[in-house]
Amino acid sequence: MFTRSIRWRLLVWLAFLLICLLGAFGITAFQLNRTNRLSEIDDELAQCVARVSEDVRGRLPFGRPLGPPPPGMEGPPWSPDQRQGERPADRHFKKGPGPGGPMRRPLPSWIEFQEMLRNIRLSPETQSLFNEADKDAFYYSVWAPDGTLLKRSTNAPPEVSVPASPGPDTSIQTRSRESYREAYHFTEMGECILAGRSIVADVKALNRFAWLLVGAGAAVLALGLGGGWFMVSGALKPIENIAGAATRISLGNLSERISEADTDSELGRLANVLNSTFARLESAFAQQKQFTADASHELRTPLAVMISEAQTALSRPRTPAEYQETVQVCLDTAQQMRRLTQSLMTLARFDAGQEPGQRIPVDLAERAQHCAELVETLAAQKGITIERHLRPARITGDPDQIDQVLMNLLSNAVQFNRQGGRIRLSTSVHDGVPALAVADTGPGISAEDLPHVFERFYRGDKVRSREEGHAGLGLAICKSIVESHGGTITAANQPQGGAVFTVSFPGVSAAAQPAA
């Protein structure tokens with residue numbers, strides 16, 4: 001359940017990304033802060049080492065001690081001539097004033113030199129850098145070339161040892177030792193000068209900073225996950241609504257719809273599409289239900305007639321004329337049922353998209369003329385004249401289906417016309433759109449019936465239509481045929497009286513139409 005939830009998978013992925021980003025940021029921030037802090041400490045220690053070294057050098061005689069070095073000190077910085085006791089004037093004497101002119105004072109011996117190192121005092125400026133009363137303040141130590149401790153501050157840790165010599169390099173070096181940070185350098189003469197201080201407080205500050213980063217990261221992570229949960233829940237809510245609505249619809253509640261709170265989002269547009277689909281499904285089911293009920297009703301009437309006639313004929317012996325009359329009624333009723341079933345099958349094929357028909361160039365004027373000739377006999381029985389105003393109007397379609405539309409419209413115009421009325425049949429092209437129109441001079445269509453004339457099994461004059469064998473499927477079939485050709489059919493009442501049906505088709509092209 002947990003691994004299949006989209007919400008939890010998104011939140012786990014968001015948590016992983018946030019942890020990686022916050023971890024990288026925290027580690028980088030901590031390392032930068034630590035590096036900057038150690039750099040500041042190193043700069044301060046380097047300044048202390050430089051000041052101590054300057055004081056040590058400034059208070060020693062120029063040159064190196066005279067005489068051979070003690071055992072163990074045979075190497076540099078002692079020169080071969082010093083080991084042999086030689087005293088070059090320019091390098092081993094220091095000039096000084098005296099009576100009768102300048103005088104040369106001999107350099108001290110090695111023992112005197114070492115004693116001078118021990119007795120060196122720091123200048124007040126340098127001494128101000130070291131608070132020897134504070135064990136956490138800066139401290140210093142000075143070692144002789146042989147590693148002998150010459151001088152140190154009183155707050156220097158007792159375990160401070162002389163660092164390893166870097167060789168001829170006299171630059172300032174740094175090292176970390178337990179809870180101390182130290183800087184040191186070796187002079188050209190081999191002395192080592194070291195300054196350091198405790199970094200316990202700095203380590204604690206860094207630890208506090210690290211915990212601050214952890215706390216801030218945890219807060220950002222919690223805020224991010226909370227916001228992510230809110231956003232993911234809001235984003236998935238339409239999906240939950242869609243799933244819930246689909247479930248209720250599957251259980252038979254076809255009127256159910258998805259709430260469309262945010263119609264501009266992708267899911268909102270999907271909800272609109274699904275609602276439109278559900279509406280069409282509801283309408284289709286409603287039509288199917290109504291269609292089934294109407295078909296059952298329409299079939300039940302002729303079946304009842306046939307059963308009644310057969311029962312009457314079998315109830316007692318009859319004359320051949322009576323039997324012939326009964327058979328004729330049954331035959332007429334069966335023909336009516338055949339027409340009804342054929343219409344139902346035609347509509348079913350159109351609904352299933354299985355009645356496309358052929359698509360060839362057709363001239364509406366020619367088809368209208370042909371159908372008018374077929375209906376003229378029926379119209380003449382009621383004294384109705386058919387006026388033709390036919391202009392070439394070419395379309396691409398099925399001639400038989402176009403004839404079926406024309407025959408239905410013309411038959412209705414004859415049936416619902418007045419005695420001695422007229423029918424106006426016209427074909428034309430307006431703005432490149434071919435059209436045909438059938439108008440009559442009958443009573444027209446009532447306002448309440450006009451919106452429903454193309455519905456299946458709908459009859460305006462129900463009594464007369466049923467008596468004349470009409471099931472109310474003709475106009476529905478006309479609409480299906482016209483729409484299968486990409487056209488439209490409309491019904492309206494004329495101002496002077498009578499109804500008019502107009503059919504518009506997509507033409508082959510405006511340029512291909514003949515001039516009106």
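Give me the distance between the Cα centres of segment 143-221 and segment 321-399, rounded to whole Å.
The two parts, judged by their Cα centres, are 110 Å apart.
Listing Tyr184, Tyr458 from the residue with the fewest other Cβ atoms within 10 Å to the one with the most, what is the order? Intermediate values should be presented prior to the final figure.
On the way: Tyr184 23, Tyr458 18.
Fewest-to-most ranking of Tyr184, Tyr458: Tyr458, Tyr184.
Can you compute the modelled spin-label distance between Leu374 and Phe16, with each label point 7 Å from Cα toward Cβ, in nm?
Simple spin-label model gives 7.1 nm for this pair.
With the crude spin-label approximation of a point 7 Å out along Cα→Cβ, what separation in nm comes out for Ala279 versus Ile6?
Going from the Ala279 label point to the Ile6 one covers 2.4 nm.
What list do you get for Cys330, Cys478 if you sort them by fewest beta carbons within 10 Å?
Numbers: Cys330 18, Cys478 22.
Lowest count first: Cys330, Cys478.
Would you please give the residues with an amide H less than 5 Å from that of Gly472, counting only those at least 5 places away or on a separate chain, with H modeled from the backbone geometry?
Here the answer is none, since no amide H 5 or more places off falls under 5 Å of that of Gly472.
Would you please classify the overall shape of segment 349-425 from the alpha carbon gyration tensor, given that a ≥ b ≥ c denote the square roots of the eigenvalues, rounded means a/c under 1.5, and beyond that prolate means a/b larger than b/c while oblate covers the rest? Don't skip to the end; give the middle numbers.
Details: a/c = 3.18, a/b = 1.70, b/c = 1.87.
In terms of gyration-tensor shape, oblate.
Over segment 360-504, what is the relative contact order in whole percent, taking alpha-carbon pairs under 8 Å and six or more residues apart? Intermediate results must be reported in sequence, preceding the final value.
Values: 263 pairs, mean separation 33.5, N = 145.
Once divided by the residue count of segment 360-504, the mean separation gives 23 percent.
Would you work out the relative contact order for segment 296-455, in percent, from Cα pairs under 8 angstrom that are 6 or more residues apart? Provide the component values of the computation, followed by the final result.
Working: 182 pairs, mean separation 29.4, N = 160.
With pairs under 8 Å counted, the relative contact order is 18 percent.
Each residue of segment 157-167 in turn: what ³J(HN,Hα) in whole Hz from Karplus with 6.51, -1.76, 1.60 and θ = phi - 60°, glycine and Pro shown as x?
Values per residue, Gly and Pro as x: x, x, 8, 5, 10, 5, x, 6, 5, x, x Hz.
How large is the charge dipole for segment 143-209, taken about the Cα centre, if only the Cβ atoms of Lys, Arg (+1) and Asp, Glu (-1) carry charge, to the nearest 20 debye?
Numbers: 8 positive and 8 negative charges, 88 e Å.
In total the dipole reaches around 420 debye.
Give me the distance in nm between label points sitting 7 Å out from Cα along the Cα-to-Cβ direction at Thr35 and Asp400, one decimal.
Between Thr35 and Asp400, the label points sit 8.8 nm apart.
Quick check on segment 273-396: take the gyration tensor over C-alpha atoms, sort the square-rooted eigenvalues as a ≥ b ≥ c, and tell me if it's rounded (a/c under 1.5), prolate or oblate. Mind dumping the intermediate values first?
Details: a/c = 3.11, a/b = 1.27, b/c = 2.45.
Oblate.
How would you rank 334-343, 186-195, highest first, on the average number of other Cβ atoms within 10 Å across their residues?
Working: 334-343: 15.2, 186-195: 20.5.
Packing order, densest peptide first, comes out as 186-195, 334-343.
Any read-out appearing in this document is the output of simple, stated calculations on the displayed coordinates, not a laboratory observation. Remember, it's a predicted structure, so these values are computed and weren't measured experimentally. Cβ sites come from the backbone with ideal geometry, for glycine too, and all protein chains shown count toward neighbours.
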